[in-house]
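Throughout, read-outs are computed from the coordinates displayed, never taken from laboratory work. Remember, predicted model here, so these are calculated numbers, not experimental data. Cβ coordinates were reconstructed from backbone atoms using ideal geometry, including for glycine residues, and neighbour counts include every protein chain displayed.
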Amino acid sequence: MATLTMPVITEAHKRLDRLVGTWKGDERLYPSPFDPQGGNAIGRVQNRRALDGFAVVQDYEQERNGKIKFRGHGVFRFDGEDGSYTLHWFDSLGLPPSEFRGRFEGDVLTLTNAGPQGITRAVFELHGNRGYTYRMQVSPDGTNWFPFMDGDYTREE
């Protein structure tokens with residue numbers, strides 16, 4: 001019988017640790033079929049290590065006009081088999097879960113999902129340990145990208 005080799009936390013796994021913490025930021029939503037007006041919001045993000053460091057779990061909420069209008073839950077992980085990072089995303093829109101996949105280039109983690117709503121790209125641009133910029137973009141064809149939302153977040157803890 002073959003011996004199972006236990007996985008170990010690598011530097012690639014540890015790159016996700018920069019997301020860990022409590023964050024708050026100002027967000028801008030661009031007009032879209034989901035929100036024809038667009039507008040401003042406040043985003044709150046709680047990211048924590050999970051599964052002995054093999055994942056980072058995210059809980060997100062978006063406040064508009066003093067009320068929580070949207071919630072999301074994500075699980076980030078490093079896939080050692082193909083060297084990519086994944087984000088499994090669930091949210092209060094009631095759509096099926098999404099899997100985003102991508103890579104770090106320097107301090108920028110770019111993850112992409114192709115689904116029934118089109119192609120979505122999530123970009124996390126890390127600024128040291130105190131902040132990051134998030135951009136969500138959509139595309140009908142993977143070539144022409146349009147902004148869906150962006151935000152600038154600061155670590156609160």
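Would you mind computing, in nm to one decimal, how far apart the modelled labels at GLU61 and SER92 are, each placed 7 Å from Cα along Cα→Cβ?
0.8 nm
How do 88-95, 17-24 rank on mean C-beta neighbours within 10 Å, highest first?
So the peptides 88-95, 17-24, ranked by packing, come out 17-24, 88-95.
Between ILE68 and LYS24, what is the spin-label point distance in nm, taking each point 7 Å from the Cα along the Cα→C-beta axis?
Those two pseudo-labels are separated by 1.5 nm.
Alpha carbon centre of the stretch 2-35 versus the stretch 65-93: separation in Å?
The distance from the Cα centre of the stretch 2-35 to that of the stretch 65-93 comes to 8 Å.
Would you kindly state how much longer the chain becomes between ASP17 and THR154 on full extension, computed as 0.36 nm times their sequence separation minus their alpha carbon distance, in nm to one decimal?
Residue separation times 0.36 nm, minus the Cα-Cα distance, leaves 47.8 nm.
Which shape class applies to the stretch 50-157: rounded if a/c is under 1.5, otherwise prolate when a/b exceeds b/c and oblate if not, where a ≥ b ≥ c are the square roots of the Cα gyration tensor eigenvalues?
Verdict is rounded for the stretch 50-157.
Starting from the Cα of ASP107, step 7 Å toward the Cβ, then list every residue of the stretch 129-157 with an amide N under 11 Å from that point.
Once the point is set 7 Å along Cα→Cβ of ASP107, 129-133 turn out to lie under 11 Å by backbone N, inside the stretch 129-157.
Counting only helical runs of four or more DSSP H residues, what would the 222 nm mean residue ellipticity of the chain come to if each run contributes -39,500 (n - 2.57) and the total is spread over all its residues?
Estimated from H runs of four or more residues: -500 deg cm²/dmol.
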